[in-house]
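Every number here is computed from the coordinates shown, using simple stated rules; none is lab data. Values in this document were obtained by computation on a predicted structure and should not be read as measured data. Here the Cβ positions follow ideal geometry from the backbone for every residue, glycine too, while neighbour counts run over all protein chains shown.
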Ligand SMILES: Nc1ncnc2c1ncn2[C@@H]1O[C@H](COP(=O)(O)OP(=O)(O)OP(=O)(O)O)[C@@H](O)[C@H]1O
């Protein structure tokens with residue numbers, strides 16, 4: 001596929017993410033790029049993403065290798081999520097935290113993604129709000145650079161602030177560890193802060209999570225139901241934590257609103273586009289995600305809440321843009337920009 005690279009929309013610890021456009025179809029997608037010599041994480045992400053398909057996981061669109069300024073780059077093509085990360089959304093939202101109605105929706109969607117992964121024997125290993133991306137259709141899990149098959153032995157991966165006690169102690173990293181990280185992500189959404197207060201260096205965080213016997217503080221603004229849900233995610237003993245399937249049945253998520261979504265949700269093997277076209281179209285026009293977000297179940301929201309919700313879902317994040325950086329990808333061997341290297345095959 002020939003494509004052009006647009007402005008930079010994100011930079012993680014391993015890769016740079018840009019908007020890209022297919023020259024043939026004009027389709028817009030995201031491209032995550034890193035020098036080929038350092039692309040181990042990205043190739044691992046490619047292997048996993050290319051084997052899964054869920055409306056609650058950012059979808060895989062292909063990969064290639066290009067030459068850019070004498071550097072050989074590995075590129076992973078992903079569905080473009082125009083509203084950026086959930087972390088951006090939390091901080092852009094009024095007061096730097098989300099309303100419980102939004103927390104419920106995003107939790108439900110992340111949990112659907114986790115349930116799909118776990119049923120397929122995969123552990124994400126790095127769930128946190130900056131690895132959840134948001135579009136009009138809602139939240140989807142991204143960044144599979146640390147993901148692994150559950151039976152796979154290997155070093156502990158992920159972000160210390162979100163590590164379950166058993167992960168911090170280096171004992172095991174399984175499905176239950178993702179559930180702990182989901183609990184930490186709910187704390188991020190509800191408080192706008194980190195799960196562990198007043199600690200920032202990795203060693204202190206790992207000590208606090210793995211050896212202190214303490215639990216992260218539950219945000220006081222949450223309802224009893226939400227706090228009970230959090231309690232089921234943040235059990236110190238991984239065997240006592242609820243599974244993703246059990247949590248999908250928790251009263252916090254099983255309300256009138258979620259029943260409607262569940263009835264309309266395609267099976268986990270359905271194509272991603274169903275989320276965008278099917279789920280929301282199958283609901284009444286007045287019950288699209290936007291109106292659900294703006295008018296949560298059981299109540300009218302104020303005009304202020306409607307506007308805040310609307311800007312959350314449709315607003316462009318403030319990217320570190322570099323518009324001078326448009327580069328054309330061609331397969332004609334031209335020296336400028338990215339050159340698609342058709343002769344190198346890095347897919348399985
Ligand atoms: N498909 C996408 N659509 C829109 N923005 C994206 C997409 N993928 C990534 N981004 C943006 O780029 C940022 C970095 O992406 P990502 O977390 O995948 O990179 P990483 O190098 O693996 O990061 P980490 O530091 O967590 O390992 C994200 O936080 C997000 O803002």
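Entry note: the stretch 35-146 has Rg to Rh equal to 1.02, where both radii use alpha-carbon atoms and Rh is the Kirkwood radius. Computed from the Cβ-Cβ distance with R0 of 25 Å, the FRET efficiency linking residue 94 to residue 200 stands at 0.45. Each principal axis of the Cα atoms in the stretch 140-202 has its own extent, and those three values, largest first, are 34, 28, 18 angstrom.
Can you tell me the alpha carbon radius of gyration of the stretch 1-77 divided by the globular rule-of-thumb value 2.2 N^0.38 Å? Display every interim value, and only then the final one.
Values: Rg = 12.2 Å, N = 77, 2.2 N^0.38 = 11.5 Å.
That works out to 1.06 for the stretch 1-77.
Normalised by 2.2 N^0.38 Å, with N the number of residues, the alpha-carbon radius of gyration of the stretch 172-258 equals 1.11.
If packing is taken as the mean number of other Cβ atoms within 10 Å per residue, what is the order of 108-116, 130-138, 69-77, 218-226, highest first?
On the way: 108-116: 24.3, 130-138: 22.8, 69-77: 18.2, 218-226: 15.2.
Output ranking for 108-116, 130-138, 69-77, 218-226: 108-116, 130-138, 69-77, 218-226.
Highest mean packing comes first when the peptides 36-42, 53-59 are listed by Cβ atoms within 10 Å, giving 53-59, 36-42.
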